[in-house]
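**Student:** Below is the structure I would like to discuss, written out as structure tokens.
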Amino acid sequence: MSLFTPLAGTTARRRLYLLRHGHVAYYDADGKPLNPKLAALTDRGREEARVAGVLLAGVPLDRVLCSGLARTRQTAELVAAPHGLPVEDHADFLEIRASRLSEVPKEQREAAYVYGFEAVTEDARFAGGDSFAAVRDRVVPAIETLIRQPGWTHLALVAHDGVNRMLLSWACGGGLSALSAFEQDYGCINIIDLDVTEGRILRRLIRAVNLTPGNPAKIGLHRSSLEEAFVPLLALD
């Protein structure tokens with residue numbers, strides 16, 4: 001007996017909407033870096049979240065989750081509002097962290113920060129900070145636990161650039177080497193279908209990647225997410 005109502009026309013399929021939070025300001029008006037843990041949505045970010053919420057308003061969401069940081073909660077609240085759902089915090093989906101700039105040799109900083117998702121290996125760390133393998137071993141069991149939980153057919157999870165890349169890499173079976181391929185723009189939506197039978201995840205079907213509802217043609221989106229985040233930081237030194 002199924003513990004959830006499967007998607008119409010299927011026998012064991014449920015759908016995950018995986019979002020990245022809307023745009024945030026990681027630097028103040030003078031270009032100095034702010035504490036990323038406290039970063040909140042900008043006006044642009046609130047609009048990106050609002051438009052994502054409008055797109056998903058017609059989806060019968062059962063649950064809405066976020067990592068718990070302000071930028072993901074603010075985005076998730078705008079997604080959850082049309083459905084009257086509470087937003088659940090799930091700290092296992094917190095972002096991968098880099099080390100302090102001063103801890104990385106100057107000549108290695110561009111490779112470590114701006115291109116840090118390329119050629120990732122089991123023992124690699126993101127810009128001298130968190131281990132990629134450790135973050136994978138945190139987020140993958142967390143998503144698998146959610147997928148096996150009863151009572152939902154459509155679930156929205158608002159997380160972060162690196163975390164979303166990890167989950168998409170897991171979904172496609174590409175492992176850590178696939179991280180760099182899954183660009184995640186601010187406010188984007190990914191859609192993954194999952195077949196679950198007797199607690200076993202039988203298949204993972206990626207329906208959409210990096211969909212930006214307010215700008216589907218990606219007009220003006222020319223830099224990667226890591227270029228957006230770290231090129232200004234490297235310019236300060």
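The values are calculated or read from the model by the stated rules, or taken from the named source; none is laboratory data. What you see is a predicted model, and the numbers here were worked out from it, not measured in a lab. Cβ coordinates were reconstructed from backbone atoms using ideal geometry, including for glycine residues, and neighbour counts include every protein chain displayed. Areas reflect the complete protein model, heavy atoms only, side chains present, ligands, DNA and RNA absent. Shrake-Rupley method; radii C 1.70, N 1.55, O 1.52, S 1.80 Å.
**Student:** Would you kindly derive the ³J(HN,Hα) couplings of the stretch 216-222 from the backbone phi angles with the Karplus curve 6.51 cos²θ - 1.76 cosθ + 1.60 (θ = phi - 60°), listing them in order in whole Hz, with x for Gly and Pro?
**Tutor:** x, 7, 6, 5, x, 8, 10
**Student:** What do you get for the angle between helix 225-236 and the principal long axis of the chain? Use alpha-carbon atoms, 0 to 90 degrees, nearest ten.
**Tutor:** The angle comes out at about 20 degrees.
**Student:** In terms of solvent-accessible area of protein heavy atoms at a 1.4 angstrom probe, what is the ranking of C66, C172, highest value first?
**Tutor:** C172, C66
**Student:** Which value in deg cm²/dmol, rounded to the nearest 500, describes the helix-derived mean residue ellipticity at 222 nm for the chain, given -39,500 (n - 2.57) per DSSP H run of n ≥ 4 and division by the residue count? Walk me through the intermediate numbers first.
**Tutor:** Working: 5 runs with 66 residues, N = 237.
About -9000 deg cm²/dmol.
**Student:** Using the Cα centre as the reference, give the magnitude of the dipole from point charges on the C-beta atoms of the stretch 35-101 (Lys, Arg: +1; Asp, Glu: -1; all else neutral), rounded to the nearest 20 debye. Mind showing how you got there, number by number?
**Tutor:** On the way: 9 positive and 9 negative charges, 60 e Å.
For this selection, approximately 300 debye.
**Student:** Here is a follow-up. Using the Karplus curve 6.51 cos²θ - 1.76 cosθ + 1.60 with θ = phi - 60°, what ³J(HN,Hα) values do you get for each residue of the stretch 87-101, in whole Hz, with x for Gly and Pro?
**Tutor:** In residue order, the calculated couplings are 9, 9, 7, 9, 5, 5, 9, 5, 5, 5, 10, 8, 7, 5, 4 Hz.
**Student:** Output ³J(HN,Hα) for the stretch 16-27: one whole-Hz value per residue in order, computed from phi by the Karplus curve 6.51 cos²θ - 1.76 cosθ + 1.60 with θ = phi - 60°, and x for Gly and Pro.
**Tutor:** Values, residue by residue: 10, 9, 9, 10, 9, 4, x, 4, 10, 9, 8, 9 Hz.
**Student:** Skipping prolines and chain starts, which residues have an amide H placed within reach, meaning under 5 Å, of the one on G68, given they are 5 or more residues away or on another chain?
**Tutor:** R73, H90
**Student:** Then there's this: Hey, what's the stretch 49-141 come to in accessible area per residue, 1.4 Å probe, Å²? Intermediate values should be presented prior to the final figure.
**Tutor:** Working: 4570 Å² over 93 residues.
Per residue, the stretch 49-141 has 49 Å² of solvent-accessible surface.
**Student:** Considering only protein heavy atoms and a 1.4 Å probe, what is the carbon-and-sulfur percentage of the accessible area of the chain?
**Tutor:** Values: 6000 of 11290 Å².
Here carbon and sulfur together make up 53 percent of the probe-accessible area.
**Student:** Continuing with the same structure: The stretch 174-229 to the stretch 46-75: how many Å between their Cα centroids?
**Tutor:** If we compute the Cα centre of each part, the gap is 15 Å.
**Student:** Which Cα, out of I201, F230, C172, lies furthest along the positive dipole direction of the chain (beta carbon charges, K/R +1, D/E -1)?
**Tutor:** I201
**Student:** Here is a further query. If you fit an axis through the alpha-carbon atoms of helix 132-148 and take the longest principal axis of the Cα set of the chain, what angle between them do you get, 0 to 90°, nearest 10?
**Tutor:** Around 20 degrees separate the two axes.
**Student:** While we're on this one: Identify the trypsin sites (Lys or Arg not before Pro) of the stretch 17-109 meeting these criteria: DSSP loop state and at most 13 other C-beta atoms within 10 Å of the C-beta.
**Tutor:** Values: sites: R20, K37, R44, R46, R50, R63, R71, R73, R97, R100, K106, R109; in loops: R97, R100.
Hits after loop and neighbour filter: R100.
**Student:** Taking the alpha carbon gyration tensor of the stretch 86-237, what are the square roots of 5 times its eigenvalues, largest first, to the nearest whole Å?
**Tutor:** Details: eigenvalues 165, 69, 36 Å².
Each semi-axis is the square root of five times an eigenvalue, giving 29, 19, 14 Å.
**Student:** Straight-line reach only, C-alpha to C-alpha below 17 angstrom: list the aspartates and glutamates that K32 could link to, leaving out same-chain residues fewer than 8 apart.
**Tutor:** E227, E228, D237
**Student:** Another question about this same structure. What's the magnitude of the charge dipole for the chain around its Cα centre, counting Lys and Arg as +1 and Asp and Glu as -1 at the beta-carbon? Answer in Debye, nearest 20. Mind showing how you got there, number by number?
**Tutor:** Numbers: 27 positive and 29 negative charges, 116 e Å.
Computed charge dipole of the chain: roughly 560 debye.
**Student:** Further question on the same structure: Counting pairs of alpha carbon atoms under 8 Å apart in space and at least six apart in sequence, what relative contact order in percent does the chain give?
**Tutor:** On the way: 464 pairs, mean separation 65.4, N = 237.
Relative contact order, the chain: 28 percent.
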